[in-house]
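First up is the structure itself, then whatever we jot down about it.
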Amino acid sequence: MGDFKLTTVEEFEAATARLLETGAKVGADSWQLRVKNQTPHCKFGEQGVCCRICSMGPCRITPKAPRGICGCDVHGIVGRNYLKFTAGGAATHSDHGREICHTLHCTAPDGNYKVKDPEKLIRIAKEWGIETEGKDIYDLAHEVAVEGLMEYGKPFGHQRFLKRAPQHTQELWEREEIAPRAIDREVASSLHMTHMGCSSKPEALIRQSLRTGLCDGWGGSMMGTEFSDVLFGTPKPIDTEANLGVMVAENVNIVVHGHDPSLSEMICEYADDPEMIAYAKSVGAKGITISGVCCTSNEVAMRRGIPMAGNFLQQENVVLTGACEAIVVDVQCIFPALGPLSKCFHTKFVTTSKIAQMPDSEFMHFTAETAGENAKAIVKMAIDNFKNRKPELVYIPDMKQKATVGYSVEAIKKTLDTVTNSYVDETGTTKPLVECVKSGVLRGAVAMVGCNNPKIRPDVAHIELMKKLIANDIIIIASGCSAQAAAKAGLMNKDAKDLCGAGLKRVCELANIPPVLHMGSCVDISRMMILAADIAKDSGWNISQVPVVGCAPEWMSEKAVSIGNYVVATGIDTFLGVDPYVCGSTEVDNLLKHGIKDWVEASYTVEKDIDKLVDAMIDRIEEKRTALGI
């Protein structure tokens, strides 16, 4: 084991405190200060009992005023708010998928974007019944891209990828009338249902919430993931590093932040360009370091080994180092605070998407057609900015951990093949994993996902839950900011096997894996759905019987609610550490925690105490094992 030890949250916090001292010197704002100003939060909002969807109001439900002016009761208001929340998340993830479809449509042999995984493209084309024989790979890419784009607005039928689910799951979706139709239709129907004077019946609103979640997880997000693999390569295990110490004081530091790999991939291409590196040296830097924040970081980490500077609540920290020449963003989870903060330093804050335009930023419209010249201009702008650094403000915390990332479903199956007897056993399946679970060597798995939220001490829930789960022989698959919390702590270092129970430790040694597997960004939770479907098919169990649960202990965004809905609707019990603003309605709360189990064989648990949360997950996994008789 040598000298491996986890980095503690206390160490993260000490580094942040030191950076905030720099911030105070230059008069910078911070999320920590803004949380103080916003506390306590509005109780009506937290319970989901206020309604402002028409101008007769706004109305809020209290014991003295149990109905809004239109007569809607608390259950209708809370249910509508929940569906609106879901629709916002599904629209956002799915629009990311749409952008990736457009990028695929722009591929050309000599273009900015190429097809890096033609085998996967051909596999999807065949799955969709598109003729592949004798076709040029780029002609096929364009045809598949158009078919993908049709999934957003087609007038008839359901999402194509639903056929990947086990038959039993597909039958549940049909029976409960939650199989998603065209993606844009589900989002529009949700907004129609939540208009004044439409649905106020909780069952109808929650059913549509599940359906809208499914159009994301088995539609838009799945296309975002699958076509990103076609464009940029399907991830396979690769070593990288995580935490602020990945930034290099002597180099030009460019931080990519957001969610769409079309931008970050291009920035990485040009930062590797010998001409650009020579230019960086000509201004006195030793080279160029790209690092990332949030999901765009997960995307380039798992395909290129680009280091991860941090997750959601660390985005201001990269600027506070005083060593960030440019923070280049695309869409989602970007603090508008980065504009004013960058003005306190020499940092250029570059926005690139018409979807995410912010004050105090330099807007450079990035399109698939002009991606090369855009990326080159951004890298050059960062290099030109190196000389404007204020040396007295530079402080990069000496803190980083090694991480092995890049566990796509394809990579997980290849890893499992290494422990398969290839003469006797079928390869390319999840059967070795199923055998480990049946024998009890592994008790089960937890899919840990989601954001950070200042309501919970940042990263603590992710890291503490993971430590206890792996000590109990439960393997973790992680994505998004949860994956980055694990990487920063050292839980994606293969040496972390020594923190595991005997069974999981043995699996980590045999398969040469860390106990927490990095499956990618938040759209890549669709990979987890495919993995769950494959495990169900390979084991003969229904998805809801597999000893696996989902967990989002620090979630904060609308996207997370959409994700929770599709994970639950796929048959996976989901555990939350933050209430989704439904506690004001006993009916909606009860539906989500109990009632929907009759529809989809899974439901939510909300538990703010992390010790109780982890125990509840372990209990649920053991219940599932007992029910299977394993």
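Scan G287, G292, G245 and give me the residue that is over 20 Å from T370 (Cβ atoms) and more than 29 Å from the chain's Cα centre (by Cα).
G287
Answer yes or no: is there a residue in segment 233-251 that is modelled with pLDDT of 95 or more, aliphatic (A, V, I, L, M), open to solvent by 30 Å² or more (accessible area, probe 1.4 Å) and part of a strand (DSSP E or B).
Yes, the conditions are met somewhere in segment 233-251.
Which condition number in (1) closer than 30 Å to S297 by Cα; (2) surrounded by fewer than 24 Cβ atoms within 10 Å (Cβ to Cβ) is the one that T212 fails?
So the condition that T212 fails would be (2).
Contact list please: Cβ distance under 7 Å, first residue in segment 431-450 and without any contact (Cβ under 8 Å) to a residue 40 or more places away in the chain, second residue outside any loop (DSSP other than H, G, I, E, B), pairs at least six apart or on different chains.
These pairs meet every condition: P432/L416.
Out of P340, P307, P336, which single residue is open to solvent by 10 Å² or more (accessible area, probe 1.4 Å), under 18 Å from the mean Cα position of the chain (by Cα) and at pLDDT 95 or above?
None of the others qualify; the one that does is P307.
Looking at K612, K537, K593, K624, which is the one that is closer than 28 Å to K84 by Cβ, open to solvent by 10 Å² or more (accessible area, probe 1.4 Å) and either assigned to a helix (DSSP H, G or I) or not acidic (D, E) (or both)?
Result: K593 is the single residue among K612, K537, K593, K624 that is closer than 28 Å to K84 by Cβ, open to solvent by 10 Å² or more (accessible area, probe 1.4 Å) and either assigned to a helix (DSSP H, G or I) or not acidic (D, E) (or both).
Could you check segment 540-558 and list, in sequence order, the residues that are of a type in the set (A, V, I, L, M) and surrounded by fewer than 21 Cβ atoms within 10 Å (Cβ to Cβ)?
Matches in segment 540-558: M556 only.
This table checks each residue for (1) assigned to a helix (DSSP H, G or I); (2) touching a helix residue (DSSP H, G or I) at 6+ places or on another chain (Cβ under 6 Å); (3) at pLDDT below 95.
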| residue | (1), (2), (3) |
| --- | --- |
| T7 | no, yes, no |
| E11 | yes, no, no |
| N37 | yes, no, no |
| I53 | no, no, no |
| T62 | no, no, no |
| A65 | no, no, no |
| G71 | no, no, no |
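Quick check on my filter: what residues within segment 103-143 are within 21 Å of P261 (Cβ to Cβ), in a loop (DSSP other than H, G, I, E, B) and open to solvent by less than 40 Å² (accessible area, probe 1.4 Å)?
T107, A108, G111, Y113, V115, D117
V146 is checked against (1) of a type in the set (V, I, T); (2) in contact with a Gly (Cβ under 6 Å, 6 or more places away or on another chain); (3) exposed (fewer than 15 other Cβ atoms within 10 Å of the Cβ) and fails just one. What number does that condition carry?
Unmet for V146, out of (1) of a type in the set (V, I, T); (2) in contact with a Gly (Cβ under 6 Å, 6 or more places away or on another chain); (3) exposed (fewer than 15 other Cβ atoms within 10 Å of the Cβ): (2).
Go through segment 522-534 and give me each residue that's open to solvent by less than 10 Å² (accessible area, probe 1.4 Å), within 13 Å of C481 (Cβ to Cβ) and either hydrophobic (A, V, I, L, M, F, W, C) or in contact with a Pro (Cβ under 8 Å, 6 or more places away or on another chain) (or both).
I525
I'd like the full set of residues that are in contact (Cβ under 8 Å) with a residue 60 or more places away in the chain, in contact with a helix residue (DSSP H, G or I) (Cβ under 8 Å, 6 or more places away or on another chain) and in a helix (DSSP H, G or I), limited to segment 495-527.
A496, D498, L499, G503, L504, V507, A511, I525, S526, R527, listed by residue number.
Scan segment 535-562 for residues that are over 18 Å from M492 (Cβ atoms), among the charged types (D, E, K, R) and in contact with a helix residue (DSSP H, G or I) (Cβ under 7 Å, 6 or more places away or on another chain) and report the count.
Total satisfying the criteria: 3.
From the set of residues in segment 310-326 that are open to solvent by less than 10 Å² (accessible area, probe 1.4 Å) and part of a helix (DSSP H, G or I), which is nearest to V248 (Cα to Cα)?
My answer is V318.
I'm trying to understand the selection: among the residues of segment 1-60, which are in contact (Cβ under 8 Å) with a residue 40 or more places away in the chain, open to solvent by 50 Å² or more (accessible area, probe 1.4 Å), small (G, A, S) and closer than 30 Å to D495 by Cα?
Once the filter is applied, which keeps residues that are in contact (Cβ under 8 Å) with a residue 40 or more places away in the chain, open to solvent by 50 Å² or more (accessible area, probe 1.4 Å), small (G, A, S) and closer than 30 Å to D495 by Cα, segment 1-60 yields only G2.
The values are calculated or read from the model by the stated rules, or taken from the named source; none is laboratory data. Because the structure is predicted, anything quoted here is derived from the model rather than measured. Backbone-built Cβ (ideal geometry, glycine too); neighbour counts: all protein chains shown. Heavy atoms of the whole protein, side chains included, go into the accessibility calculation; ligands, DNA and RNA do not. Shrake-Rupley method; radii C 1.70, N 1.55, O 1.52, S 1.80 Å.
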